[in-house]
Amino acid sequence: MTTAHAHSENTGPAAAGGTARDLLARLAAVPADRPAVLAGDRELTFGELRAEAGRVARVLARRGVGPESVVALSLPRGADLVVALIGTLTAGAAYLPVDPALPAERRRYLVEDSAADLLIVADGAEPSDGPADGPGTVAFGELTSPVGPLTDGGFAPVAVDARSLAYVIYTSGSTGLPKGVEVSRGSASALLAELESEGIAAPGPGRVGWNASPSFDASVQQWVRLCRGDTLVMIDTETRSDPALLAALIGDRSLTDLDITPSHAEPLLEHLPPRDPAAGGPLTLLIGGEAISPDLWGRLAGLVDEGVLRAVNLYGPTECTVDATAGWIAAGDGPHIGAVLPGLRMRLLDDELRPVADGETGELYLAGPRVARGYRRRPALTAERFVADMSAGGSRMYRTGDLCRRLPDGRLAYLGRADGQVKVRGHRVELYEIEAAVSGHPAVAEAAVVLRDDVNGTAGLVAYYRASRPVAEAELREHLTATLPGYMVPAVLMEVARFATTPSGKLDRAALPAPVAAPPVAGPAAPAGGPAADEPTGPVEELIARVWAQVLDMPRIGADDNFFKLGGHSLLAIKLVAGVRRELGVSLPVKTVYAHPRLRDLAGRIESMLAAQEAERQPVGASA
């Protein structure tokens, strides 16, 4: 007989959420000489971190920043970001991460929409980092100028309670605009307690790689580990974009923990060295952000059996403080997201909010102390997604929009979304937001975006659009690159004459045509005795073409080919950058690939970079 469960609940020491000052109180107790942050050649001990964060907090307090204030941090992933983050929390305020790698337009939107009280930027940052009429902007260096001797504990943390705001992180929005999720101090404290109680954060100080963008909620899981005495190892963009460099860093820095998406983990496994028993236990991979394929699950399980890894599949929306469920990866299992973490309650409900029977599909609802406060300055949207939990004394539960099924052993199988939201290489994306960006171009009359699995043999975003006047694809792609993060820019832009509709008048997404892949065949005919018209010419073009062919698994690449039209996406762009660095020694930012997607244009940009490098090597006064 099948039993319907109204909810599943775990209880434990973390269920109450702790107190608001748990995180900073624990941080204050860590020995001062223990390494806190390793970022390139820079190292901060816990004593130095507390002192520098105290200076930041003191300056913020003088500027009127305190509880419920929001401080936007537009700083690269490095030691300064950690100091500014801890300093903001010490001042009693909340932080808003604004990744400097985001397009300027999006950075301005985050600062303006959040009504941030202050914006902290890197020393020497461009003025475009902040809106002209927005909050006060201050360079990081102005916050840490010495005032008296550098001493530990020079500024006592401002008292706040568990409900006080800790951070605001923006996620893709179904209305076409990102929305900010407000998370409390108590929720962040409870997250750390649950990671410890479940053994995900192993006993004893570890070395945790900060791999995620600060604008991605997985980064919260990384900085909270600092508060229990773990060392944060900051992973720069160049290292995280090259699997071989990342694998080398894991060994060189003796990492014990690395948070990573499945798309990022897959190429890393090819370079991962055998674990040295003298270096301690196996590396713990905390995998989340998107579904794990059966093939990758099997490869990870094999490495777990060999003692190279501990691997746990983590699922959770930003609205429930990063992680909601955990499933340990082991041989003999298929992909699953495990069981709900302590202190959270889950319900699988049908369209009428009735519990579904075991084995049946239902929408996942989550309740408990780690449910977010709501969406910043969005009361109507908050009321829509954070609904009353009548079976638990009128508390709230978050409607995830994710479909799950309870397996016979009580664990959950993830089945996909119930709405227009998708996961793209670890990032949560609302298709409506991309559609709004495409429609925002003056030449586009109508747009639809879908995630398809037939974009040159892989999964990718395809934007279909009906134009009101002729528009070049390069112009439209430039518009999207200036508006959206790279992972949200569609791999294929496809013009259609009209959109088919269902009998009810809605867009018939099933009728959208398959994306047109660029055929890997010979280019235009060549003049007698000459190369094909679009044949790559010169050593740089030819080398880039070889790298593209490897990355895209295509036999021939033309000089006029577009990386994204051929099926390229953000993960393949990372592989492309790694290949260019390996072959030419050029550190090419990933955003350069988005700005110059045509092979000939990208090669021209690389040639300019090589010429600049050569000029720097020339001795002063040397003639050409």
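In segment 93-101, the condition of being open to solvent by 30 Å² or more (accessible area, probe 1.4 Å), at pLDDT below 95 and under 19 Å from residue 217 (Cα atoms) is met by at least one residue. When segment 266-298 is filtered for residues that are among the small types (Gly, Ala, Ser) and either over 22 Å from the mean Cα position of the chain (by Cα) or at pLDDT 90 or above (or both), the ones remaining, listed by number, are 278, 279, 280, 281, 288, 298. Restricted to segment 391-420, and to residues there that are outside any strand (DSSP E or B) and open to solvent by 50 Å² or more (accessible area, probe 1.4 Å), the residue that is farthest from residue 341 (Cα to Cα) is 419.
Tell me yes or no: at least one residue of segment 244-265 is acidic (Asp, Glu), over 16 Å from residue 200 (Cα atoms) and in contact (Cβ under 8 Å) with a residue 40 or more places away in the chain. Within segment 244-265, not a single residue is acidic (Asp, Glu), over 16 Å from residue 200 (Cα atoms) and in contact (Cβ under 8 Å) with a residue 40 or more places away in the chain. Note on segment 346-376: residues that are surrounded by 14 or more Cβ atoms within 10 Å (Cβ to Cβ) and charged (D, E, K, R) total 6. Considering segment 190-217, and only residues there that are hydrophobic (A, V, I, L, M, F, W, C) and open to solvent by 10 Å² or more (accessible area, probe 1.4 Å), the residue that is farthest from residue 81 (Cα to Cα) turns out to be 202. Tell me, please, whether a residue that is aliphatic (A, V, I, L, M) and over 30 Å from residue 29 (Cα atoms) can be found in segment 278-293. Scanning segment 278-293, I find at least one residue that is aliphatic (A, V, I, L, M) and over 30 Å from residue 29 (Cα atoms), so the answer is yes. Is it the case, given these coordinates, that residue 50 is of a type outside the set (Phe, Trp, Tyr), open to solvent by 50 Å² or more (accessible area, probe 1.4 Å) and out of contact with any Phe, Trp or Tyr (no Cβ under 8 Å at 6 or more places or on another chain)? The answer is no for residue 50. Considering segment 218-236, and only residues there that are among the charged types (D, E, K, R) and farther than 27 Å from residue 109 by Cα, the residue that is most open to solvent (accessible area, probe 1.4 Å) turns out to be 228.
The residues in segment 573-602 that are closer than 21 Å to residue 475 by Cβ, part of a helix (DSSP H, G or I) and modelled with pLDDT of 85 or more can be counted, and the count is 5. Number of residues in segment 492-529 that are modelled with pLDDT under 65, more than 20 Å from residue 444 (Cα to Cα) and open to solvent by 30 Å² or more (accessible area, probe 1.4 Å): the value is 15.
The single condition from (1) part of a strand (DSSP E or B); (2) out of contact with any Leu (no Cβ under 7 Å at 6 or more places or on another chain); (3) surrounded by fewer than 15 Cβ atoms within 10 Å (Cβ to Cβ); (4) at positive phi that residue 388 fails is (4). A single entry from 326, 339 fulfils the requirement of being under 22 Å from residue 197 (Cα atoms), touching an Asp or Glu at 6+ places or on another chain (Cβ under 7 Å), assigned to a strand (DSSP E or B) and not basic (Lys, Arg): 326. Reported count of residues in segment 597-608, each being closer than 17 Å to residue 581 by Cα, in contact with a helix residue (DSSP H, G or I) (Cβ under 9 Å, 6 or more places away or on another chain), surrounded by fewer than 19 Cβ atoms within 10 Å (Cβ to Cβ) and not basic (Lys, Arg), is 2.
Per-residue answers, yes or no, for (1) in a loop (DSSP other than H, G, I, E, B); (2) in contact with an Asp or Glu (Cβ under 7 Å, 6 or more places away or on another chain); (3) open to solvent by 20 Å² or more (accessible area, probe 1.4 Å):
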site	(1), (2), (3)
258	no, no, no
267	no, no, no
273	yes, no, yes
292	yes, no, no
295	no, no, yes
310	no, no, yes
314	no, yes, no
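Taken across segment 585-595, residues that are among the small types (Gly, Ala, Ser), open to solvent by 50 Å² or more (accessible area, probe 1.4 Å) and out of contact with any helix residue (DSSP H, G or I) (no Cβ under 9 Å at 6 or more places or on another chain) do not occur at all. Evaluating residue 484 against the criteria (1) crowded, with 18+ Cβ neighbours inside 10 Å; (2) at pLDDT 85 or above; (3) in contact with a strand residue (DSSP E or B) (Cβ under 9 Å, 6 or more places away or on another chain) leaves one unmet condition, (3).
Taken across segment 351-374, residues that are β-branched (Val, Ile, Thr), within 27 Å of residue 94 (Cβ to Cβ) and part of a strand (DSSP E or B) do not occur at all.
The values are calculated or read from the model by the stated rules, or taken from the named source; none is laboratory data. What you are looking at is a predicted structure, and each value in this text was computed from that prediction instead of being measured. FYI the Cβ positions are ideal-geometry reconstructions off the backbone, even for glycines, and counts take in every protein chain you see. Just the protein is used for accessible areas: all its heavy atoms, side chains included, with ligands, DNA and RNA removed. Shrake-Rupley method; radii C 1.70, N 1.55, O 1.52, S 1.80 Å.
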